[in-house]
Amino acid sequence: MTAFPKYPAYKESGVAWLGEVPEHWGIYPNRRLFEERKVPVGKRAHEYKLLSLTLNGVIPRDMENPKGKFPAEFNTYSEVEPNDLVFCLFDLDETPRTVGISPCPGMITGAYTIFKPKLEVNPKYQFYYYLSLDEQKALKPLYTGLRKTISRSTFASAKSPCPPRAEQDRIVAFLDEKTAQIDALIAKKQRQIELLDEQKAILINRAVTRGLHPNPDLQDSGIPWIGPIPKHWKLVQLKRCIREQEYGLSDPATDQGNYTYLGMGQIQNMEVIPDRANRLDKCPSHLLLRDKDILFNRTNSFDLVGKAGIYRAENFACSNPVTFASYLVRLRTSGIADPEWLNLLMGDALFLIEARSLALRSLNQANLTFSRLGQTYVPLPPMNEQLEIVNWTTLCFEKMATAAAAVSRQIQTLQTLRSTLIAHAVTGKIQVS
């Protein structure tokens, strides 16, 4: 921010979270800057595009491939016009985004508060200002009640900066340009992470269906998702690789208890992680996890069912004994399969497609029993090759994770720069030309 000049003179704004502002800027209550619009769509709901307030702004909902819940009718939804500001003034600590600006006409839930900026106000300037406050949770002094709500009257009385209109326009043009540049850089960095994930998926599939030899002698497996495999490999049903499988407990979780209680949220990137695990008061000893047990989702949404991960006791070293919920299945391998190898195989994208094709589907979820999954044919190299493949892929994954972490730090730096740039421009900490 030192590259930008400051204004010649400043004054106290009288607003706790704003501090000093340029001397010529106005500070006004929101009732002077905005008019609240509350126009229910009523029986005309079918005439409007449905909008949602998201982290990416106010966006149209995809009605051809709808996700999430919808009300039985939209009569109480409110009309929105282009450049209206949409505020969520309740559950402010939990709501991912509390402000947005509408790019198009439509309707949005009547629980939100909609403001039309007055003529002297550039709506995009006030959007940037409240976006900055939202990211800092700076409006906490205005919260009331258990739901952390800002009443309409309180919001109307709250004061906001208002530079001369021409200056607002310059600030908006500056921020539109700079944030677009930063967003483009972030998108490139995110694509780098996506490419690493794609590379990892290719690596896994190549390792579990061809091995490490660059030009192995192949035989046709006869299984479409597998394709040709090395001639000295076997083709076996998955159930032959398993000596023991157990379904978890259906007991309700508690905040405290003697046992760590894992759910499907603890299976991430082919690993079982301790983050945000629940607790349980009691558990039979035969359902306690051992090092390198494998868990897989047997009941979940279709795009998550069958997802597997390996349990590593070292990651739970400071934890209580660990057990798992009933929508998970624990697998312990037989002598012909190394658990690390099997976990790698079950994380292969093509294996997952095959596994999910066996799931029984209902409206909102799928169920994949091990009796069905166990019928799946899988490639099986000799044990020494399994271990070689595991060691080699582990080294590759570590390099990829290091690269992804470096890119993630770069993204975080860019996001911080974006937020700081907006905050400094809309509060007059820097002067833009």
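The values are calculated or read from the model by the stated rules, or taken from the named source; none is laboratory data. Please read these numbers as outputs of a predicted model, since none were measured by experiment. Here Cβ is always computed from backbone atoms with ideal geometry, including for glycine, and neighbour counts include all displayed protein chains. In case anyone asks, the SASA skips ligands and DNA or RNA and just uses the protein heavy atoms, side chains included. Shrake-Rupley method; radii C 1.70, N 1.55, O 1.52, S 1.80 Å.
Quick rundown of the values:
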quantity: Failed item in (1) in a loop (DSSP other than H, G, I, E, B); (2) touching an Asp or Glu at 6+ places or on another chain (Cβ under 8 Å); (3) at pLDDT 90 or above, with R147 passing the rest; calculated: (3)
quantity: Residue match in the range 90-102 (condition: touching a Ser or Thr at 6+ places or on another chain (Cβ under 7 Å), of a type in the set (D, E, K, R) and either in a strand (DSSP E or B) or in contact (Cβ under 8 Å) with a residue 40 or more places away in the chain (or both)); calculated: yes
quantity: Residue match in the range 353-362 (condition: touching a strand residue (DSSP E or B) at 6+ places or on another chain (Cβ under 6 Å) and at negative phi); calculated: yes
quantity: Enumerated strands (runs of 3 or more DSSP E) restricted to the range 151-240, each holding at least 1 residues that are closer than 23 Å to D348 by Cβ; calculated: 218-220, 228-230, 234-237
quantity: Selected residue (criterion: least open to solvent (accessible area, probe 1.4 Å)) from residues of the range 8-45 that are under 30 Å from P105 (Cβ atoms) and in a loop (DSSP other than H, G, I, E, B); calculated: V41
quantity: Residue check, A317 of a type in the set (A, V, I, L, M) and buried (at least 20 other Cβ atoms within 10 Å of the Cβ); calculated: no
quantity: Condition check for L345: open to solvent by less than 40 Å² (accessible area, probe 1.4 Å) and either closer than 25 Å to R361 by Cβ or among the hydroxyl-bearing types (S, T, Y) (or both); calculated: yes
quantity: Among (1) open to solvent by less than 70 Å² (accessible area, probe 1.4 Å); (2) at pLDDT 90 or above, the one test that D93 misses; calculated: (2)
quantity: Tally, over the range 46-76, of residues that are open to solvent by 100 Å² or more (accessible area, probe 1.4 Å), under 22 Å from E94 (Cα atoms) and either touching a strand residue (DSSP E or B) at 6+ places or on another chain (Cβ under 6 Å) or at pLDDT 80 or above (or both); calculated: 2
quantity: Residue within the range 232-247 that is under 27 Å from I411 (Cβ atoms), open to solvent by 50 Å² or more (accessible area, probe 1.4 Å) and in contact (Cβ under 8 Å) with a residue 24 or more places away in the chain present; calculated: no
quantity: Test for K159: is it farther than 20 Å from P29 by Cα and surrounded by 15 or more Cβ atoms within 10 Å (Cβ to Cβ); calculated: no
quantity: Extreme residue, farthest from K159 (Cα to Cα), among residues of the range 395-413 that are open to solvent by 30 Å² or more (accessible area, probe 1.4 Å), touching a residue at least 12 places away in the same chain (Cβ under 8 Å) and not aromatic (F, W, Y); calculated: A403
quantity: Hits in the range 355-371 - residues which are more than 27 Å from the chain's Cα centre (by Cα) and either of a type in the set (G, A, S) or surrounded by fewer than 15 Cβ atoms within 10 Å (Cβ to Cβ) (or both); calculated: S371
